[in-house]
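Let me begin by presenting the structure, written as structure tokens, before commenting on it.
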Amino acid sequence: MPKIERLSGREILDSRGRPTVLATCLLDGGALASASVPSGASTGTAEAFELRDGDDRRYRGLGCRRAAINISGVLHDALSRKSFSGQAALDQAMIALDGTPNKSNIGANAILAVSVAYARACAVQKGVPLYQHFADLMHADANKLPRLTINLFSGGKHAGQQVSVQDVLIIPMSASTIDEVLVSASDVYQAAADLILHKYGMRLLTADEGGLAPPCRSAEEMLELAIKAIQQAGYRPGKDIFLGIDVAASHFYREHRYHKDGEVLDSAAMIQTITQWLELYPILSVEDGLAEDDWQNWPSLRRAIAGRALTLGDDLLCTNPRRILRAIEVSACDALLLKVNQIGTLTEALEAYQQARAAGWAVTLSVRSGETEDNWAADLAVGWGADQFKNGSIRQSERLAKYNRLLEIEESTHWPLAAWPRRS
Ligand code: PGA
Ligand code: ZN
């Protein structure tokens, strides 16, 4: 395997105008590549640690200079000119060097930037597309493209909490290529923008991931609006286009109660609310329907919606192999939302992915609400064969960089879209 010749880090800005970090990796064979990492806002408490400067004089304390210096300094010093057998060995070395369970010493942002920059440099050195190299890391062949779950409406932490539920997503199912999926998503998005203008007199205002943020009073109103937008755009809800939701329930759960759009619900009532949504709307995927520490009620949620919609764990699992194992043991979910920066290295993310697959779960690869123009997540979704790719809305360059990369991969491979996971 190639040796690292040089690692360097730089503070850059993400799609919210907040600092994040970019790593550049030069291999001894001359291959050079960079990668930058995203950052969440609606974060799970078990996520790996993002190192920020805490200096209030810069970016309200959110600066990433220390993380960048850790790349050029401690990581470069420890890793350059050493032989690693591959990605796993490099990632293990960084984990050992950090020495904490959540990467709080060096920073998960610094470590992940190096993990991905190294992978990309190895792909350059091999002369293969990045998705191919990601597939090689798991000793599998890539042969399909992920279904897209595309943010239409936003609430929760991404939109000032005007509605408790965080995302209403559209899932184009009759489209058979990425190209067709994007066309239909754009049609629905434009129809939704027109509807919002008519109904609320509101011009196009978008949330962190580019989703529309209408002043709805409830999740139900937002779901109704999504159905209308699909129809107005000339598609059939539940035939051509389905829905997904990210309830992000951790963020309105206090003292064992869900404070949803002015109602106060216990866990059983929250599950009942979700099952009612499934009866009224063609919802295929329910992410974080319950809070991250409401473990005991997740199995009931899964049982209540199994066969109709995926029970997708985001904050609950935090892409953490230990939490995923626990969820498998108690049958809390049947799908993993995989966000690589929740855990902090490609190797641990791959372990999480393989655990989920071994349990027969579906996998949605997801980006974050604070993203950069880097498009490696699109290659990862293809290379690892994720069932779905959750990349926010169909606008803003940090989102489009990934969609445009999928179009490029589609053009060169002609691979089919993944089938929707069987509903058990
Ligand atoms: P985040 O949220 O990237 O702001 O953490 C996305 C999600 O909850 O899926
Ligand atoms: Zn989520």
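I'd like the full set of residues that are within 22 Å of the chain's Cα centre (by Cα) and either within 16 Å of ligand 1 (Cβ to nearest atom) or free of Cβ contacts under 8 Å to residues at least 12 places away in the same chain (or both), limited to region 223-248. Of everything in region 223-248, those that are within 22 Å of the chain's Cα centre (by Cα) and either within 16 Å of ligand 1 (Cβ to nearest atom) or free of Cβ contacts under 8 Å to residues at least 12 places away in the same chain (or both) turn out to be 243, 244, 245, 246, 247, 248. Within the option set 176, 164, 154, being away from ligand 2 (no atom under 16 Å from the Cβ), of a type outside the set (A, V, I, L, M, F, W, C) and either surrounded by 24 or more Cβ atoms within 10 Å (Cβ to Cβ) or in contact (Cβ under 8 Å) with a residue 60 or more places away in the chain (or both) holds for one residue only, 176.
Among residues of region 249-276 that are on the phi > 0 side of the Ramachandran plot, those with a beta-carbon under 6 Å from a residue that is surrounded by 16 or more Cβ atoms within 10 Å (Cβ to Cβ) and not in a helix (DSSP H, G or I) at least six positions away or on a different chain give the pairs 261/164; 261/218.
When residue 311 is tested against (1) within 16 Å of ligand 2 (Cβ to nearest atom); (2) within 26 Å of residue 195 (Cα to Cα); (3) free of Cβ contacts under 8 Å to residues at least 60 places away in the same chain; (4) of a type in the set (S, T, N, Q), only condition (2) is not met.
Please enumerate the residues belonging to region 18-54 that are over 20 Å from residue 118 (Cβ atoms) and within 15 Å of ligand 1 (Cβ to nearest atom). The answer is 18, 39, 40, 41, 42, 43, 44, 45, 46, 47, 49.
Farther than 16 Å from residue 39 by Cα and part of a helix (DSSP H, G or I): does that describe residue 110? Against the criterion (farther than 16 Å from residue 39 by Cα and part of a helix (DSSP H, G or I)), residue 110 does not qualify.
Of everything in region 294-312 that is out of contact with any Leu (no Cβ under 8 Å at 6 or more places or on another chain) and in a helix (DSSP H, G or I), the residue that is surrounded by the most Cβ atoms within 10 Å (Cβ to Cβ) is 302. Counting the residues of region 248-293 that are of a type in the set (Gly, Ala, Ser) and within 20 Å of residue 161 (Cα to Cα) gives 6.
For the subset of region 70-94 comprising residues that are under 28 Å from the mean Cα position of the chain (by Cα) and buried (at least 20 other Cβ atoms within 10 Å of the Cβ), which member is farthest from residue 138 (Cα to Cα)? The extreme case among them is 70. The set of residues in region 313-335 being farther than 20 Å from residue 101 by Cβ, surrounded by 23 or more Cβ atoms within 10 Å (Cβ to Cβ) and more than 16 Å from ligand 1 (Cβ to nearest atom) consists of 332, 334.
Each reported figure results from applying straightforward, stated rules to the coordinates on display, with no laboratory input. Only a predicted model underlies this, so the values are computations on that prediction, with no experimental measurement involved. Cβ: placed from backbone, ideal geometry, glycine included. Neighbour counts: every protein chain shown.
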